[in-house]
Amino acid sequence: MGDILLPGISSNNFDVKGIIDKLVKIETKKLDRLEESKDILNKEKSSWSTLGNKLNDLQEVSHRLYGFRAPFDDKVAYSSREDILSATAGRIAEPFTATIRVEQVAQNERILSDPVDADLILHSATLRFNIGEDENEVFFSGGKIEDLAEALNEQAGDQVTAKVTKNTKNTAVLILEAKNTGETNRITVADEQSLAFMKELGFFTEEVSPRIDASISAEQLAPGQEGMSFTIQDDILTLEPQNSVELPFGPVQARDSIVVKIKMRAHPVPEEEVALRPDAWPELKGIGGVIVRDVEVLGGKPVSTVAAPDEPVEEQVAVVEDNVLGIRNDRGETDIYTAEGLGTEFREYTFRLTDIMDEGDIASRIVFQNGNTARRIEYRDLSIVDTATREGARPKHLVQESKDAVIYIDGVKVQRDTNQIDDAMRGVGLEVKMASPDEVRLNIDRDYEKITGEIVDLIGKYNQLLQYVNDQSRVTASGELDEENEVGQLSGDITVMRLKSKLQTIMMNPYPTERGKELSLLAQIGISMGAANSSWNDIRGGYLQIDEDIFVKAFKKYPEEIKQLFGSDRNNDMVPDNGVAYVLDITLKGYNDPRNGIVAYHIRNTGARIKDQEKSIDDWNEHIDDYRRKLEIDFTRMQQSLNELEQNQKRLDNMSNQFKNR
């Protein structure tokens, strides 16, 4: 409205608008108080929300410290040569140290065709080939060699990769590469039509039989020494105690692909047949006898004897050994194979020549030897196979041979068709990267860094929560406000005081473990409010500290008990029901549940009070507007009345002047 003036009252008119503004300002003071109360409530709600967030942070980290999520069983693998072999360790792995040597890395096979005219149009064909045991069929409608590569990739791309490289301006070579590694994952053709097509391209050529003749027969065997005897019946070679025979074969150059298989067993000799008595003086024997096709052929008789001496000889000690097979090289040296676990039932043993011989040595004889004094050794089903040879066809241009990964773990040979070995050691995954004569030291241990980090995180979140509670509830000991700090938004709130008390009680309480009182408190593993004899000022805040060295030392000594300290199962129902982390988690859920938690209740309650306050503010704003309008109306009416009085005064003055002039 415009200015309202009261003329005629004095020489200076009154500022009615100013008067109204001052009157309204007085009425607005209550609105200021309402706004201030609303700000206080908003800060209180914000404090509860922040408290809820910090409770949630502490609850999350405590939740991770018991049950299946707990890090106490986490393991980590350390390899001394990551470039040779790397490893990962799962929770079920046991801490240990091993020495590993990588002899061979698993490879996939790669073969080439002959150089082919790049513009040559190949005839159509249905190609059937295998990668290991997986069968593939590719229909090629004809075309250039690049078209053949495209057909192979489209129809068998999950098993093989085909690519073309132009070796000259006019010719090209087709490269076939098996996708899977391993000795058995070779590229082989499945039928004559496919073989003929692949031969035309120069992929394959004829091959001899992979089997090396090493049949056990009386005609082939020869006693290892004069006087030694053997029997063969039903294709089983039997050696009596203290006997040996040899089987010539080859000669064959020792390499990884030469594999020997044989079945062997040992039978005890009855006690009455065992000559465990003083050694007899040597006696000249005949050349021995053999059984050929169930006919015993006797050897010649000795031509003389040697008289035994009169002195007694020490009693012979029984000999038990499993070194019953050997391979002799062309230098006359014998490398021995130990048949571990040799028992009374036939057991098949498989080994490569290079397992017992140096690669490149020439093997010429198999030595069957029985150095036992009370066991007969029987042999059957001997075979020697060159696994690199393929019967019927072999790659003409073998660029990369398919190989298994071969490693030795603490001297035990482990062979797999892939460089990812996850079943050799429980819970440990190995990745073979490079063959090397250098030994790799593998250490599997608990992940102390992660475990300690989780505990430090718990202590950190606990201290942050406690500091916030202290800040929000602070008052001086006398009850007066601290001169340096404002009073906390939640000071005097019984819920906050109880929360702080519960938190401190949980962290200080004992919990059951298998060590009893010896290990039942956090303080016993390096977690406490401070060192012994700390001053009150140092510990009055209730904040926790962790000595990581003490914790790690205690955890190495008592890993299971410390795991129980944070979460344990008292009633054996496979569900944790005790422990500091468990109790902390369950307690904080009561405060932090988003629907029924204590903090959520306070946030909702404070929010409702804020809404009530906002309504009061809106109502008072309407009151102030109404009050201003009323004042403006009242002063307007006053002005109108004064204007009428002034007009009446003027008329009276005019009438008075008229009477005087008469």
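The values are calculated or read from the model by the stated rules, or taken from the named source; none is laboratory data. Note that the structure is predicted; figures quoted are calculated from it, not measured. Using ideal geometry, Cβ is built from the backbone for each residue, glycine included, and neighbour counts are taken over all protein chains shown. Remember, those area values only see protein heavy atoms, side chains included, never the ligands or the DNA or RNA. Shrake-Rupley method; radii C 1.70, N 1.55, O 1.52, S 1.80 Å.
Computed from Cα atoms, the angle from the helix 16-63 axis to the main principal axis of the chain rounds to 20 degrees. Relative to the longest principal axis of the Cα atoms of the chain, the long axis of helix 580-592 makes an angle of roughly 40 degrees.
Hey, got a sec? Which GluC sites (Glu not before Pro) in region 123-174 land in a DSSP loop and have at most 11 other Cβ atoms within 10 Å?
When the GluC sites (Glu not before Pro) of region 123-174 are filtered for loop state and at most 11 Cβ neighbours within 10 Å, 133 remain.
The residues of the chain expose on average 57 square angstrom of accessible surface per residue, using a 1.4 Å probe on protein heavy atoms.
Just give me a number: lysine pairs in region 306-458, eight or more positions apart or cross-chain, with C-alpha atoms less than 27 Å apart.
Pairs that pass both the separation and distance tests number 4.
The simple spin-label model puts a point 7 Å past each Cα toward its Cβ; for residue 435 and residue 31 those points are separated by 9.1 nm.
Provide 556, 660, 500 ordered by accessible surface of protein heavy atoms (probe 1.4 Å), highest first.
Of 556, 660, 500, the descending order of accessible area is 660, 556, 500.
Here the spin labels are modelled as points 7 Å beyond Cα on the Cα-Cβ line, and at residue 389 and residue 165 they lie 2.9 nm apart. Among the GluC sites (Glu not before Pro) in region 16-103, those located in a DSSP loop and surrounded by at most 16 other Cβ atoms within 10 Å of their own Cβ are 82. Per-residue ellipticity at 222 nm from helix content only, as computed over the chain with -39500 (n - 2.57) for each DSSP H run of at least four residues, stands at -11000 deg cm²/dmol. The long axis of helix 448-472 is offset from the longest Cα principal axis of the chain by roughly 10 degrees. Report which label in (i) 35.2, 122; (ii) 40.2, 142; (iii) 49.2, 201 holds the value of Rg and Dmax of the Cα atoms in Å derived from the coordinates of this structure. Computing Rg and Dmax of the Cα atoms in Å and matching it to (i) 35.2, 122; (ii) 40.2, 142; (iii) 49.2, 201 gives (iii).
Got the relative contact order for the chain handy, in percent, Cα pairs under 8 Å and 6 or more residues apart?
About 22 percent, as a whole number.
Measuring with a 1.4 angstrom probe and ignoring ligands and nucleic acids, residue 267 comes out at about 60 Å² accessible. Treating r as the C-beta distance of residue 550 and residue 487 and R0 as 41 Å, the FRET efficiency rounds to 0.55. Basic side chains Lys and Arg get +1 at the Cβ, acidic Asp and Glu get -1 at the Cβ, and with that the dipole of the chain about its Cα centre reaches some 4400 debye. Here region 556-576 is scanned for amide nitrogen atoms under 20 Å from the site 7 Å beyond the Cα of residue 593 along Cα-to-Cβ, giving 576.
Taking only protein heavy atoms and a 1.4 Å probe, the accessible area of region 171-222 is 48% carbon and sulfur. Size descriptor for region 82-199, Kirkwood hydrodynamic radius: 16.7 Å (Cα pairs only, one decimal).
Counting other Cβ atoms within 10 Å, which trypsin sites (Lys or Arg not before Pro) in region 378-458 have at most 13 and lie in a DSSP loop?
Within region 378-458, the qualifying trypsin sites (Lys or Arg not before Pro) (loop, at most 13 other Cβ atoms within 10 Å) are 426.
Approximating the spin labels as points 7 Å out from Cα along Cα→Cβ, the residue 137-to-residue 218 distance works out to 5.3 nm. Placing unit charges on the Cβ atoms of the charged side chains and taking the dipole of the chain about its Cα centre, the candidate lying farthest along the positive direction among 269, 131, 244 is 131.
Taking 0.36 nm per residue of sequence separation and subtracting the Cα-Cα distance, how much length would be gained by fully extending the chain between residue 399 and residue 124, in nm to one decimal?
Contour length minus the Cα-Cα distance gives 96.3 nm.
Counting only aspartates and glutamates at least 8 places from residue 75 when in the same chain, those with an alpha carbon closer than 13 Å to its own are 94, 445, 447, 449.
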